[in-house]
Amino acid sequence: MVTALRSFIMAFCLIVSFTGHAAELTEKQVRDFATKFESSALALDVDAVGALLSDDVEITAHVSFHGTTNTLTINKQEYLEAMKQNLDVYSGYTYTTTDLAVTLLGNNKAMVKSNSRESMTVQGRAITSESKENFTVELINGKLLLTEGVIYSEMKM
């Protein structure tokens, strides 16, 4: 009886230990997520990008163009719809991130800051943007998702 009880307690402790560690977010997971997001965006894979966004994500972009700054806040559906519409409008799309910094905010949340550069051709005109991006990612039901984004972008033609 005592042996069975000890075995049960040992098994329970192992299960709790593994469950606790599986739920903790690591910097490597966040960096891998950022790499996956970048490659999905670069491939213009709307479905892959959508799978990385939480259903209630809000992305706020402050875009400066010719000295005027406009601010736009969009949700997941609007973001993905804009991506789909742009597939037919531009070509030669590139997207790169640099200076990626990760700050863990507890066991299931992180802040990701980076600089990005996008370029594309629209109706024969080259357009570039350089941005500072601040994203919050969270481990939700075992899946890492982008839950909030704030982007400060300068567009140039």
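The values are calculated or read from the model by the stated rules, or taken from the named source; none is laboratory data. Predicted model only: the values in this text are computed from it and were never measured. Neighbour counts are summed over all protein chains in view; Cβ atoms, including those assigned to glycine, are modelled from backbone coordinates with ideal geometry. Each accessible area value is taken on the protein alone, full model and side chains, heavy atoms only, with ligands, DNA and RNA left out. Shrake-Rupley method; radii C 1.70, N 1.55, O 1.52, S 1.80 Å.
Let me see the P(r) profile for region 24-80: every Cα-Cα distance counted, bins of 10 Å, each bin given as a percent of all pairs. Going from the shortest bin to the longest, the percentages are 20, 39, 33, 7, 0.
By the compact-protein rule of thumb, 2.2 N^0.38 Å, the alpha-carbon radius of gyration of the chain corresponds to a ratio of 1.35. Considering only protein heavy atoms and a probe of 1.4 Å, how much of the accessible area of the chain is carbon and sulfur, as a whole percent? Heavy-atom surface of the chain belonging to carbon and sulfur, 1.4 Å probe: 56 percent. Just name one of 96, 119, 139: the one whose Cα is farthest towards the positive end of the charge dipole of the chain (beta-carbon charges, Lys/Arg +1, Asp/Glu -1). After comparing all options, I get 139. Using the alpha-carbon atoms, what tilt in degrees (0 to 90, nearest 10) does helix 27-42 show relative to the longest principal axis of the chain? Computed tilt is about 30 degrees. Each Lys and Arg adds +1 at its Cβ and each Asp and Glu adds -1 at its Cβ; summed about the Cα centre, the chain shows a dipole of about 380 debye.
The packing ranking, built from the mean of other Cβ atoms within 10 Å per residue, places the peptides 87-97, 53-63 in the order 53-63, 87-97, highest first. One chain, two ends: residue 86 and residue 132. Fully extended at 0.36 nm per residue, the span grows by 14.4 nm beyond their Cα-Cα distance.
Charged side chains reduced to their Cβ positions (Lys and Arg at +1, Asp and Glu at -1) give region 35-91 a dipole of some 160 debye around its Cα centre. When all alpha carbon pairs of region 56-112 are counted in 10 Å bins from zero, the resulting P(r) reads 16, 31, 43, 10, 1 %. Looking at region 64-157, the accessible area is 61 square angstrom per residue; that uses a 1.4 Å probe and ignores ligands, DNA and RNA.
Between helix 76-87 and the chain there is an angle of about 50 degrees, using the helix long axis and the longest principal axis of the Cα atoms. Solvent-free Debye calculation, one equal scatterer per alpha-carbon of region 95-157: log10 I(q)/I(0) at 0.17, 0.20, 0.29 Å⁻¹ equals -0.65, -0.78, -1.15.
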